[in-house]
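Have a look at the structure below, then the notes.
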Amino acid sequence: MALQIAPLIVAERRILISLYLFMAGIILFHLLPPIWHRGEYLDWLLGGSLLVSIAGLGAAIYARHFAGYDRGLFILVAFTVGFALASLQFAQHDQPRIKHGVTADIQGTLIKIDGNADARSRLWIKLDAASDIVQSGILPAGGIVRVTTDKWQDQQYLGGAVAMRARLYPPPDRILHGTPDYGRRARVDDVLASGYVIAQIAMMPNDHAGTIKHDMTMALARYRAEFAAHLIDLMPKPAGAIAAALLVGERRFISEDVYNRFRDSGLAHLLAISGLHMGLICFGSMAVIRFFGALFPSRSSRFALHKYAAITAALIGGCYVLMSGAPVSALRAFGMAMLVVLAILHDRMALTLRNVCLAAFAILAFNPMALFTASFQLSFAATAILVIWYESRARREPVKWHWIFRYPMALITMSCLSAMATAPFAAQHFGTVTPWGLVANIIGIPLTGLWIMPTGMILTISVLFGLDWLVALLMTAGLHALYHLADWFAGFPLAGWKVAPPGYIALFVMVTGMMISQLLTKPMARIGLVLAAIGGVMWAFRPVPDGVLFAVGRTPQLVLAAHNGTARSYAPLSDFLASMAELRMGKGIEQVDLAQCLLACKHDFSHGISASIVMKAKGLTAACKDLETAFVLTSVTPRYPCYSGKPIYDISQKTGYNYLIFIDKNKLQLINNFGSSQQACPALQPHPC
C-alpha cells in the first residue's frame, strides 16, 4: 500500500503529514473531557502516551530495513508525541485553583504589566510564601494571580514586591461555545486566580522580591519597560507608543482607540513583532554587511562574506527577540530566520515549506498550547502561503519586468495572498475582516520597512551616544505618517467589517485541504483545493446565533440580534463580555435605552420574528396582550401563563452557564458554553417540554 501511495506524494513535503498528525495529537488531548486534564487521570494519559511514543519510535527504528514501513511508523509517532507533549504541558501546570470568589490580602512579586493606556492596568503577581492567601492554604506559593487596577502602570515597578487587598475569582472557563478557552491559557501561564484590587497597593522592601529580581528574564522585562517609557517621553503621542510596540514589544502604551484604527485598516499586524520585522532586522543587517563588503572586493572575495553576514544577522535577530519579550510571533519569525541562516551556511535553498514546518514543530514542542493562539495561526498561515508562492515562482523563468515594477507587483501579490490566508483565522479570533487591508498594506509595509524600522534600529544604537533625540525626529515623522494612514483607511466603509467566525470544524477542513493540495502531486492536488472550498462553504452557511445569554455568576444579561444587522444589549455589559458577544454573533452591539421600556420592549429579529422583552413583573401582562410578538423573554419569574397561549421563557432561571440562543419560529434552542445543546422549555406550561 505504501508503495502505491508514495508516487502521489511530493517527496520533499512529506513532513506535512508529520506536522498534521503532530497537531492532531495536541488537538485530541484538548478535546478530552476536563476530568482527564487533572490529577491521576492526567498522570495515566501522560504515562500511557509516553510509553506508546517510545514503543512506536523503537518499532520505527527496528523497521528501517523494510521500505516504507519505517516512514509510516515515524509519521504515527508524530501523533503520539503531540498528544504526549500536550499532556506533559498540562501536568507541569497542574496546580490547585480557587473554587469560588474570595477577598484576601496578597503579597508577591510584580512580574508583568499589560493592558491599554486608557484602560485599567492588569498586574501579574507571583505569590510569596509570606502572603496570607498562601499561608492559609488557599493558593500555593509561586502561583500567579492577575489583578486589575485603576492605578497607572508608572506607579509600579517590575521585579518589586507589592502587597494589596484584592477580590479574586477562578480563571474563566470558555465564555461562549466556539470562543477561545481563556481558562486553559491561564493554566499554562500558572495563573491560579484573577480579580481586581480593592485597597491601596503598597510597595514592600526590595528583599521581599526574592531571587526573581536578579534573574535574566526580569532584567530584560525591566529593560523593555524602561526603554518603552523612554520612547514615550522622547516622542509625542501616539508615535512613542507605536515605537515601543515595534522596538521592544510593549503594546500597553497604545490606547484602545489607536489600536482599533490599526485593526480596522488591516495594519494591526505591524504593531506585533513578527516575520516582517524580523526579516527587516536580520536580513537588512545581512544586506548592509554585504554591501560594505562589496566596496572592498579584493578582501571580501577571499572568504565567504555572505556566511559571516548570515551569522551576524542571526545574533542581531536573537538580541531583537530578547528585547521584544519573545512572543510567539517573534519566536516563529526567529525560528524561520535561523533555518534560513542554516540553509545559507550549507548552501541550500532557504525559503521552503519544509523550513516553515520545522519552525512550527519547534514552537509547538516547547508550547503545544500555542497551536490555539491567534498569533501562531495568523503567523504561520501568512508565512506558509508566501513560501508556497515563492517556491512556485522559483521553478519558473524570472519575470522580465523592469525592477521598478517588480517590487510593487510582488508587494501587491504578497498582500493579496496574506489577506486570503489569514482572513478565516482573523474572523475566528477577532470576528472582523479588513477589506481595505490590501491597499493599506501596499503603502504601510514599505513605509515600515524602508523608513520606520531602519530609523528604529539606528535609534536603539544612538541611545548609547545620547543622540537618540535627533534620530527620534526622523522616526516620529514616519510613525505619524503610518498612524494617519491607518486613521484614513479606518474611516472607509466596511473597514473592520464584523463577520461571524467560521468555527473550528470549517477551519479544520480548510487547513486539511490546503495541506493536501501541497502534499499530493498534480492533478490529485486539486482534491485539496476542493476540500478547502468546502470549508469555505461551511463557513458561509454556518448558523449564526440569534442571541447570547450571560448567566455565569451574575444576573442574566441578554443580547439579541436585531433586524438592522446589529445586536441589542438589554443589560449593561463589561467590555470583555461585549467583545465575546460581538465575536460570536458577528455584529456590533448597541445598548438599549431601558428607560423607554417601561413595561416591555419589542425586539425584531432579522428573520421576521418579534419577541417581547420583559424586565419588570408588571410588564408581563402587556407582553401577553401584544399580538405582534411570538413569545416572551423575561428576567422576572412569571406567576401565571399567557391566556393566549404565548410561550414565556424565563431567563432568570438559566444560571450557571452562558448560552447561545437559536430561534426557530417561537422555539428556543440553547447551547451552553461547554457545547451541550437543549431546547428551552416555556414557563408554566401544562405539558412537559
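The values are calculated or read from the model by the stated rules, or taken from the named source; none is laboratory data. Worth saying up front: this structure is predicted, and the values here are computed from it rather than measured. Please note: Cβ atoms are built from the backbone with ideal geometry, for glycine as well, and neighbour counts cover all protein chains shown. Remember, those area values only see protein heavy atoms, side chains included, never the ligands or the DNA or RNA. Shrake-Rupley method; radii C 1.70, N 1.55, O 1.52, S 1.80 Å.
Placing +1 at every Lys and Arg Cβ and -1 at every Asp and Glu Cβ, with all other atoms neutral, what dipole size does the chain have around its Cα centre, in debye to the nearest 20?
Roughly 1300 debye, rounded to the nearest 20.
Hey, if we sort Met323, Met369 by accessible area with the 1.4 Å probe, largest down, what's the order?
The most accessible residue leads, giving Met323, Met369.
For Lys667, go through the aspartates and glutamates and keep the ones whose alpha-carbon is under 17 Å away, minus same-chain ones fewer than eight residues off.
Partners found: Asp546, Asp604, Glu628, Asp650.
Can you give me the long-range amide H partners of Gly496? Hydrogens built in the peptide plane at 1.01 Å from N, cutoff under 5 Å, separation of 5 or more residues or another chain.
Trp436
Counting other C-beta atoms within 10 Å, and keeping those with at most 15, which DSSP coil trypsin sites (Lys or Arg not before Pro) do you find in segment 129-202?
Listed in order of number, the matching sites are Lys151.
Does segment 462-571 come out rounded, prolate or oblate by the C-alpha gyration tensor, with a ≥ b ≥ c the root eigenvalues, rounded set by a/c under 1.5 and, if not, prolate when a/b is larger than b/c and oblate if not?
Oblate, because a/c is 1.5 or more while a/b does not exceed b/c.
Which of (i) 45, 33, 29; (ii) 47, 29, 25; (iii) 58, 29, 22 is the computed semi-axes √(5λ) of the Cα gyration tensor in Å for the structure on display?
Computed from the coordinates, semi-axes √(5λ) of the Cα gyration tensor in Å corresponds to (i).
When only DSSP loop residues count, what chymotrypsin sites (Phe, Trp or Tyr not before Pro) in segment 521-627 have their Cβ near at most 11 other Cβ atoms within 10 Å?
Phe541
Taking θ = phi - 60°, what integer Hz values does the Karplus form 6.51 cos²θ - 1.76 cosθ + 1.60 yield along segment 379-387, in sequence order, with x for Gly and Pro?
4, 6, 5, 5, 5, 4, 5, 6, 5
Between Arg526 and Asp114, what is the FRET efficiency for a Förster distance of 60 Å, r being their Cβ-Cβ separation, to the nearest 0.05?
The pair Arg526/Asp114 has a calculated efficiency of 0.85.
Under 5 Å between amide hydrogens, which residues at least 5 positions from Asp173 or on another chain qualify, with H placed 1.01 Å from N in the peptide plane?
Long-range HN contacts for Asp173: none found.
Using the beta-carbon distance between Gln135 and Leu438 and R0 = 51 Å, what value does 1/(1 + (r/R0)^6) give for FRET efficiency, to the nearest 0.05?
0.35
Within a Cβ distance under 10 Å of Thr434, other residues only, what is the Lys/Arg minus Asp/Glu net charge?
Overall, the nearby charge balance is 0.
Return the sequence-ordered ³J(HN,Hα) values of segment 548-553 in whole Hz as given by the Karplus equation 6.51 cos²θ - 1.76 cosθ + 1.60 applied to θ = phi - 60°, using x for Gly and Pro.
My calculation for segment 548-553 gives 9, 10, 9, 9, 7, x Hz in order.
Carbon-plus-sulfur fraction of the accessible area of segment 613-655, 1.4 Å probe, in percent?
Carbon with sulfur: 55 percent of the solvent-accessible area.
Rounded if a/c is under 1.5, else prolate if a/b is larger than b/c, else oblate: which is segment 569-689, with a ≥ b ≥ c the root eigenvalues of its Cα gyration tensor?
Judged from the Cα gyration tensor, segment 569-689 comes out oblate (a/c at least 1.5, b/c at or above a/b).
Choose one of Ser255, Pro238, Trp436: the residue whose Cα lies farthest towards the positive end of the charge dipole of the chain (beta-carbon charges +1 Lys, Arg; -1 Asp, Glu; about the Cα centre).
Highest projection toward the positive end goes to Trp436.
For the chain, what is the mean residue ellipticity at 222 nm derived from helices alone (per DSSP H run of n ≥ 4: -39500 (n - 2.57); sum divided by total residues; nearest 500 deg cm²/dmol)?
-16000 deg cm²/dmol
Applying the Karplus parametrisation 6.51 cos²θ - 1.76 cosθ + 1.60 with θ = phi - 60° to the phi angles of segment 430-443, what ³J(HN,Hα) value in whole Hz is obtained for each residue in order, glycine and proline being reported as x?
10, x, 9, 10, 10, x, 8, x, 4, 5, 4, 6, 4, 9
Which value, in Å², gives the accessible area per residue of the chain when a 1.4 Å probe is used on the protein heavy atoms?
Per-residue value: 49 Å².
For Lys237, list long-range residues whose amide hydrogen, built 1.01 Å from N in the peptide plane, is under 5 Å from its own amide hydrogen.
So Lys237 has HN proximity to no qualifying residue.
Give me the distance between the Cα centres of segment 502-546 and segment 617-647, rounded to whole Å.
45
Among 82-89, 606-613, what's the highest-first ranking by average C-beta atoms within 10 angstrom per residue?
For the peptides 82-89, 606-613, the packing ranking is 82-89, 606-613.
Distance cut-off 25 Å, Cα to Cα: go down the list Lys99/Lys126; Lys587/Lys646; Lys126/Lys654 and report the pairs above it.
Lys587/Lys646; Lys126/Lys654
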